[in-house]
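Below: the structure, in structure tokens.
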Protein chains: 2
Amino acid sequence: MSITKPSLPKGTRDFSPQEMVKRNYIFDTIKAVFKKYGYAEIQTPSMENLQTLTGKYGDEGDKLIFKILNSGEFLNDPKKKSFDFAQDENSNKLVSLISEKALRYDLTVPFARYVVMHQSEISFPFKRFQVQPVWRADRPQKGRYREFYQCDADVVGSPSLINEAEFILIYHEALKNLGLKDFDIKINNRKILSGIAEIIGKPALIVDMTVAIDKLDKIGFDGVTKELLERGFSNTDIEKLEPVIMLKGSNTEKLESLKTVLASSEIGLKGIVEIETVFDYVSKLTTENSQLKAAIELDITLARGLNYYTGCIFEVKTNEVAMGSIGGGGRYDDLTGMFGLKDLTGVGISFGADRIYDVLEELNLFPASAAQGTKVLISNFDEAAEMYALPIIQELRAANISAELYPAAAKLKKQMSYADAKNIPYVILIGGDEMNSGLLTLKDMESGDQQKLDIAAIIAKLK
Amino acid sequence: MSITKPSLPKGTRDFSPQEMVKRNYIFDTIKAVFKKYGYAEIQTPSMENLQTLTGKYGDEGDKLIFKILNSGEFLNDPKKKSFDFAQDENSNKLVSLISEKALRYDLTVPFARYVVMHQSEISFPFKRFQVQPVWRADRPQKGRYREFYQCDADVVGSPSLINEAEFILIYHEALKNLGLKDFDIKINNRKILSGIAEIIGKPALIVDMTVAIDKLDKIGFDGVTKELLERGFSNTDIEKLEPVIMLKGSNTEKLESLKTVLASSEIGLKGIVEIETVFDYVSKLTTENSQLKAAIELDITLARGLNYYTGCIFEVKTNEVAMGSIGGGGRYDDLTGMFGLKDLTGVGISFGADRIYDVLEELNLFPASAAQGTKVLISNFDEAAEMYALPIIQELRAANISAELYPAAAKLKKQMSYADAKNIPYVILIGGDEMNSGLLTLKDMESGDQQKLDIAAIIAKLK
């Protein structure tokens, strides 16, 4: 066997113990909030049948799906011999001959597949959350990986806007629990966007319109104007659009203006009522929490994968660090239709765990407890001390204290650097004096303080 | 878009909310014990470079590795045109042209790769645990899946047999915490097996010998004799083997017999000392725990992937249900050698989570808490009751009680079956009386009892 210098596929990552405790802290915090609001966890397999995924993410998305080679001697099938490498320029034909499975690209399509396959066992409305990795053959770059976790909650089978209101609360509670102080939960509604396209007389160009105005933050109004002109809008259209997309003021003021602008659009007005209802539910759910109300911002330029959403649309941004959105979601009215189950409405949100990680790191918001594994290391200087330590370590563990014995006699310095590297806050030193007296030396690794205590006192202190 | 009736790739599974809480209960219980003994979690990517995995699992294993197709237009490279489907019968050549990555097959090889890649950041001994899925293109059958979780703990860089002793304690504590009462932790040592092969004069046939005697449980001594004859052993050899592999008595008695039998084998005697040392450490670590000592069984026929292990070998079996092993492991002396890092000794164990799940299910050992998500559902009969319920549900959540409002006015029966299906233990009923008096009806779903209580009393009761 030749020795291969090991490396990782590009765009993938190992997570060290230090990173894992921080990642688990984020996932556990978000999951606890999902559960508190009645969401239950499911998992789906990493691989789906290729036909389950193909055609669900557009042509560009399809190209980014990681396909899995059929196993076994898949060339034995004679029809596969018909493929001619010299002639066929396109790999799609070959792929269809040798691959039937693929890695999931997101959690949403597998969830739709799950709901359809298990519809007879599910009691609707079905509130589920799911935290699993997804894979995309994207070009890797800073902050963009080929394997990353998604962290989704969705409810299907309930048209009530209480769900939208509760998702706003979930975002707020989870991000607050993670220590974030200043963030915007942006909301918009696809029906308002449809209304706007309608009143400027270009309902067919709604996608072009939203793609352009979605960039307002990045390219400014002049940039949006240029793009709208390229996409088939006239200067008159843009004049009508300007006051709408440049709306200023409080959410209430924006809604009042929109009511005037969209007075002639039935769908537009419906979108306004939906937003107002959501705001109303949020108010009733949060009588005292003015911080949350300040965080909610009606943003008419927000679009996010418009083809998909049919009602409210969400996006969350932190104001404490320059970073893209750290969460998003919305309502979709026919997700399971692609698998033959019609008219099942759903609404869901997602947390961007990798970006939240970077934000917490930059703001130094990970609690000390999220860096700590073993609580105490017992030193090991010789065989007598080792034997003396064995019942002690089990006493510590019996008291549910995470404890390690350094597994060989070694120099103090070496054992101390081991404790340091593992972020172990206490070390118990056992030498001749300690064995004679039964009073062990407990060293606090942060302060450097040492105390002589019996094991009961040590357990009381460390618990 | 045509509608595809959804299905799952064979050998893969969805996990429902009910299954997930049970699976998490198992993983959380095991992880808590790993942590208590000083093991820290890592994760590695699902995909590894194909060359990292190839050649590590034998020819049969290599065939079972799921390969991932290169993404993009991978046929553009002219050298790939050289492949001729009509001529080449073997898919291996094609695979090497179109695939560079594969799904991990176990957690051990990726761990070895991790240790070598991160050796400068790691403070040895490195105690890590890892709970992640692996994928194998095995033929699916009852209890065998193409995607399943492995649950491993290993320590590298420490030759101390304290590690072996602690793994026995970890097995015992985790399985006991899961509610198992009667199980055997079997132990053997590769050096004892080498010693046995040596004293019967067939050291080169050690693999054949162990493969045969490993089946003693299944095929009995006659079956083993037949297989040994086929594998090149003589009747004289088998006469020498019989008393060794049929050893009866306590662990101490077996060790005493072995000392006589292996008196002339240096390596065999070394294996005996290792086992005695482990037993000694276990004794010192468990002064009062006689249940554990009874569970440990020296089993000379135990082999498990012998090529791999160099010292102690473990296997765990439950005696309460007919089931294969629910855990196993051992010491290996050169795992990282395949990636160029020599002489790093390691020892590790694994829990068979899927089998443990089946055992707990069959013995009805999942605690009620492992079936419970939402604690209380608030009913919804009309708009007035819904509005009344909103501040109440947030009060419950503020007290950290997982609560749901049924998100639409519906008949009582429908809401009750929703609570039943989700295993929600309490329902709060809000009608006209309740809104007038502020005393809400709390229904205990198991007993059927109803009580009128104010919200503070309800919170006190549910907490």
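The values are calculated or read from the model by the stated rules, or taken from the named source; none is laboratory data. Remember, predicted model here, so these are calculated numbers, not experimental data. Every residue, glycine as well, gets a Cβ built from its backbone with ideal geometry; the counts of neighbours run over all protein chains shown.
A few points about this structure:
- Scanning region A:126-151 for residues that are more than 16 Å from the chain's Cα centre (by Cα) and surrounded by fewer than 22 Cβ atoms within 10 Å (Cβ to Cβ) gives A:137, A:138, A:139, A:140, A:141, A:142.
- Residue under evaluation residue B:349, criteria (1) farther than 26 Å from residue B:128 by Cα; (2) not in a helix (DSSP H, G or I), criterion not met: (1)
- Selection status of residue B:463, in contact (Cβ under 8 Å) with a residue 40 or more places away in the chain, of a type in the set (Lys, Arg), closer than 23 Å to residue A:169 by Cβ and surrounded by 14 or more Cβ atoms within 10 Å (Cβ to Cβ): no
- Checking each residue in region A:397-433 for being over 37 Å from the mean Cα position of the chain (by Cα) and either touching a residue at least 60 places away in the same chain (Cβ under 8 Å) or in a loop (DSSP other than H, G, I, E, B) (or both) picks out A:406, A:407, A:408, A:409, A:410, A:411, A:430, A:431.
- Residues satisfying the stated conditions in region A:19-56, i.e. among the small types (Gly, Ala, Ser) and part of a strand (DSSP E or B): A:40
- Exactly one residue among A:311, A:340, A:330, A:324 is under 25 Å from the mean Cα position of the chain (by Cα) and at pLDDT below 95, and that residue is A:324.
- Considering residues of region B:110-121 that are at the interface with chain A (Cβ under 8 Å from one of its Cβ atoms) and part of a loop (DSSP other than H, G, I, E, B) only, the residue surrounded by the most Cβ atoms within 10 Å (Cβ to Cβ): B:118
- Region B:27-39 - residue that is among the hydrophobic types (A, V, I, L, M, F, W, C) and buried (at least 22 other Cβ atoms within 10 Å of the Cβ) and, of those, farthest from the other protein chains (Cβ to nearest Cβ): B:30
- Close contacts from region A:190-218, counting a first residue that is in the same structural domain as residue A:269 (by TED's automatic domain parsing) and under 22 Å from residue A:323 (Cα atoms) and a second that is outside any helix (DSSP H, G or I) and basic (Lys, Arg), with Cβ to Cβ under 9 Å and a gap of 6+ residues or different chains, come to A:211/A:231; A:212/A:231; A:214/A:304.
- Search result, residues across region B:398-415 that are more than 10 Å from chain A (Cβ to nearest Cβ) and either buried (at least 18 other Cβ atoms within 10 Å of the Cβ) or of a type in the set (S, T, N, Q) (or both): B:415
- Matching residues in region B:71-106 - criterion: being at pLDDT 90 or above and part of a loop (DSSP other than H, G, I, E, B): B:104, B:105, B:106
- Residue in region B:428-438 that is more than 13 Å from chain A (Cβ to nearest Cβ) and among the acidic types (Asp, Glu) present: yes
- Matching residues in region A:162-182 - criterion: being touching a Lys or Arg at 6+ places or on another chain (Cβ under 9 Å) and at the interface with another protein chain (Cβ under 9 Å from one of its Cβ atoms): A:163, A:165, A:169, A:173
Yes or no, residue by residue, for (1) assigned to a helix (DSSP H, G or I); (2) modelled with pLDDT under 95; (3) surrounded by fewer than 23 Cβ atoms within 10 Å (Cβ to Cβ):
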position: A:163; (1), (2), (3): yes, no, no
position: A:168; (1), (2), (3): yes, no, no
position: A:180; (1), (2), (3): no, no, yes
position: A:184; (1), (2), (3): no, no, yes
position: A:188; (1), (2), (3): no, no, no
position: A:201; (1), (2), (3): no, yes, yes
position: A:207; (1), (2), (3): yes, yes, yes
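- One residue alone among A:389, A:419 is under 15 Å from residue B:39 (Cα atoms) and either surrounded by 15 or more Cβ atoms within 10 Å (Cβ to Cβ) or acidic (Asp, Glu) (or both), and that residue is A:419.
- Residue within region B:364-376 that is closer than 22 Å to residue B:39 by Cα, out of contact with any His (no Cβ under 8 Å at 6 or more places or on another chain), within 12 Å of another protein chain (Cβ to nearest Cβ) and surrounded by 15 or more Cβ atoms within 10 Å (Cβ to Cβ) present: no
- Scanning region A:209-245 for residues being aromatic (Phe, Trp, Tyr) and surrounded by fewer than 18 Cβ atoms within 10 Å (Cβ to Cβ) gives a total of 1.
- Flag if residue B:362 is of a type in the set (Asp, Glu) and at pLDDT 95 or above: yes
- Filter result for residue A:43 (of a type in the set (S, T, N, Q) and within 7 Å of chain B (Cβ to nearest Cβ)): yes
- For the criterion of being closer than 30 Å to residue B:171 by Cα, in contact (Cβ under 8 Å) with a residue 12 or more places away in the chain and within 10 Å of chain A (Cβ to nearest Cβ), residue B:348 fails.
- Scope region A:126-141; condition under 20 Å from residue A:338 (Cβ atoms) and in a loop (DSSP other than H, G, I, E, B); matching residues: A:136
- Residue A:247 touching a Phe, Trp or Tyr at 6+ places or on another chain (Cβ under 9 Å) and in the same structural domain as residue A:307 (by TED's automatic domain parsing): no
- Yes/no for residue B:390 being aliphatic (A, V, I, L, M), facing another protein chain (nearest Cβ under 9 Å), touching a residue at least 40 places away in the same chain (Cβ under 8 Å) and not in a loop (DSSP other than H, G, I, E, B): no
- Scanning region A:434-449 for residues that are surrounded by fewer than 12 Cβ atoms within 10 Å (Cβ to Cβ) and within 46 Å of the chain's Cα centre (by Cα) turns up A:446, A:447, A:448, A:449.
- Close pairs (7 angstrom Cβ cut-off, 6 or more residues apart or separate chains): within 17 Å of residue A:111 (Cβ to Cβ) in region B:1-30, among the small types (Gly, Ala, Ser) and at pLDDT 95 or above anywhere: B:17/A:40
- Checking B:356, B:300 one by one, the residue that is of a type in the set (A, V, I, L, M, F, W, C), touching a residue at least 12 places away in the same chain (Cβ under 8 Å), under 17 Å from residue B:191 (Cβ atoms) and touching a helix residue (DSSP H, G or I) at 6+ places or on another chain (Cβ under 7 Å) is B:300 and no other.
- Index of the failed condition, residue B:303 passing every other in (1) loosely packed, with under 14 Cβ neighbours inside 10 Å; (2) part of a loop (DSSP other than H, G, I, E, B): (1)
- Criterion: in a helix (DSSP H, G or I), within 14 Å of chain B (Cβ to nearest Cβ) and surrounded by fewer than 21 Cβ atoms within 10 Å (Cβ to Cβ) - qualifying residue of A:259, A:284: A:284
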